[in-house]
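A.B. asks: Okay, handing you the structure first.
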Amino acid sequence: MTQTAVYAAGGVVWRLVEGKLKILLIHRTAYADVTLPKGKVDPGETLAETAAREIFEETGIRVALGIPVGVSRYRMPKGREKIVHYWAAEATDDAIRASAFVPNKEIAALEWVSPRKALGYLSYPVDVEIVEEFLSYVEDGVLSTFPIVVLRHAKAVAREDWDGPDAARPLTARGARQAKAIVGPLRAFGVRKIVSSDAVRCVTTVTPLAAALGRKIDRTPLIGQDAWEEGTSDPRAVIGRRVRSRKPAVLCSHGPVLPGILRELALATGTLRGSYLGSASALDTGAFSVVHLSATNPGSGIVAIETHEPKV
């Protein structure tokens, strides 16, 4: 019988100290090894949620995930494959000061080291490969990034089953569950700004997130389906503001509008267009694509795109 793989997630946690890059390593008590913070997925979690949670539980540092930096695969002692997804994650000074870490039965110590020392200290070649992938971005001039998340609204009542205006269509029961389920993953990427089409199904999708963050929803017809059908939508104006602000944001819109939003993101950042844009915009209800941009030079192009499906 084929054994199912064990999924886990973690991060390459980094900071700048007097302008020099440092990477956080953990010394594990039971295994007497040096590794990166990571841990197994809890039931109902997405990989992104796992990564943020495990980094916090093992280091006491709350982080927002940056770019994905690789996946490691290896066999566990009993033969099952373990698949670990990693993201880069900046540890801010405030987050480090707020850490309540003390040595415990799982983690003996935390150590900030230079990239060169990290490559020499790590106990496992798979961890070395992840750090090398992270450093390849650094060598290309990409370190600090911010995400613009493109979200398709959760499952709504079908148009043929609705008598009122299209913009007033509500979410189904499944859609309401999806709206709650995406809160954790979006928070893992540090989303703070919430922009939504003014359609009920979009606003309702991001209402649980707004409540969790204590933030208001910026409603705009410029990324709405009604405006798109009438030829009056203007995703370029919305994207321009978000790229200029360089702050983590989510844009909740509609299936037909998403390709235009991704296209404008590519144009606004000088990115060569390709089939990847179509893949990132072909989202099921409640799914989202995270577009990572350089915080220091957004015009240098899209650094990475990743797509996440809802768990419900």
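A.B. asks: Checking the structure you have, find out if any residue of region 80-92 is open to solvent by 60 Å² or more (accessible area, probe 1.4 Å) and among the acidic types (Asp, Glu).
C.D. replies: yes
A.B. asks: PRO43 - would you say it is surrounded by fewer than 20 Cβ atoms within 10 Å (Cβ to Cβ) and of a type outside the set (A, V, I, L, M, F, W, C)?
C.D. replies: Yes: the conditions hold for PRO43.
A.B. asks: Are any residues in region 121-135 open to solvent by 40 Å² or more (accessible area, probe 1.4 Å) and either touching a helix residue (DSSP H, G or I) at 6+ places or on another chain (Cβ under 8 Å) or within 24 Å of SER294 (Cα to Cα) (or both), and if so, which ones?
C.D. replies: GLU129, GLU132, GLU133
A.B. asks: Among what's in region 1-40 and is loosely packed, with under 15 Cβ neighbours inside 10 Å and over 21 Å from ALA118 (Cβ atoms), pick the residue that is farthest from the chain's Cα centre (by Cα).
C.D. replies: Filtering first and then ranking leaves MET1.
A.B. asks: Then there is this: How about region 93-120: which of its residues are exposed (fewer than 12 other Cβ atoms within 10 Å of the Cβ), modelled with pLDDT of 95 or more and of a type in the set (D, E, K, R)?
C.D. replies: ASP93, ASP94, ARG97, ARG116
A.B. asks: Let me ask another. Kindly indicate whether any position in region 16-25 is closer than 27 Å to THR307 by Cα and charged (D, E, K, R).
C.D. replies: No, region 16-25 has no match at all.
A.B. asks: Among THR92, THR46, THR59, which is the only one that is of a type in the set (S, T, N, Q) and in contact with a Phe, Trp or Tyr (Cβ under 7 Å, 6 or more places away or on another chain)?
C.D. replies: One residue alone meets the criteria, THR59.
A.B. asks: Now for a different question. Looking only at region 248-281, which residues are closer than 14 Å to GLY301 by Cα, crowded, with 16+ Cβ neighbours inside 10 Å and not hydroxyl-bearing (Ser, Thr, Tyr)?
C.D. replies: Correct list: LEU262, ARG263, GLU264, LEU265, ALA266, ALA268, LEU277.
A.B. asks: Yes or no: SER245 closer than 25 Å to LEU213 by Cβ, out of contact with any Ser or Thr (no Cβ under 9 Å at 6 or more places or on another chain) and surrounded by fewer than 20 Cβ atoms within 10 Å (Cβ to Cβ)?
C.D. replies: yes
A.B. asks: Which residue out of ARG169, ARG215, ARG152 is surrounded by fewer than 18 Cβ atoms within 10 Å (Cβ to Cβ) and basic (Lys, Arg)?
C.D. replies: Residue meeting the stated conditions: ARG215.
A.B. asks: Moving on. Could you give me the residue pairs with C-beta distances under 7 Å whose first residue belongs to region 230-245 and is under 11 Å from ILE148 (Cα atoms) and touching a residue at least 12 places away in the same chain (Cβ under 8 Å), whose second residue is open to solvent by less than 20 Å² (accessible area, probe 1.4 Å) and in a loop (DSSP other than H, G, I, E, B) wherever it lies, and which are 6+ apart or on separate chains?
C.D. replies: Qualifying pairs under 7 Å: VAL243/THR269.
A.B. asks: Between a residue in region 132-158 that is in a loop (DSSP other than H, G, I, E, B) and any residue that is buried (at least 23 other Cβ atoms within 10 Å of the Cβ) and hydroxyl-bearing (Ser, Thr, Tyr), which pairs come within a Cβ distance under 9 Å, given they are 6 or more apart or on different chains?
C.D. replies: Going by the 9 Å Cβ cut-off, the qualifying pairs are HIS153/SER196; HIS153/SER197; HIS153/THR205; HIS153/SER253; ALA154/THR205.
The values are calculated or read from the model by the stated rules, or taken from the named source; none is laboratory data. Quick caveat: nothing in here was measured; it's all calculated off a predicted structure. No Cβ is skipped: glycine too gets one built from the backbone with ideal geometry, and neighbour counts run over all protein chains shown. To get the accessible areas, we keep the full protein, side chains included, count just its heavy atoms, and leave off ligands, DNA and RNA. Shrake-Rupley method; radii C 1.70, N 1.55, O 1.52, S 1.80 Å.
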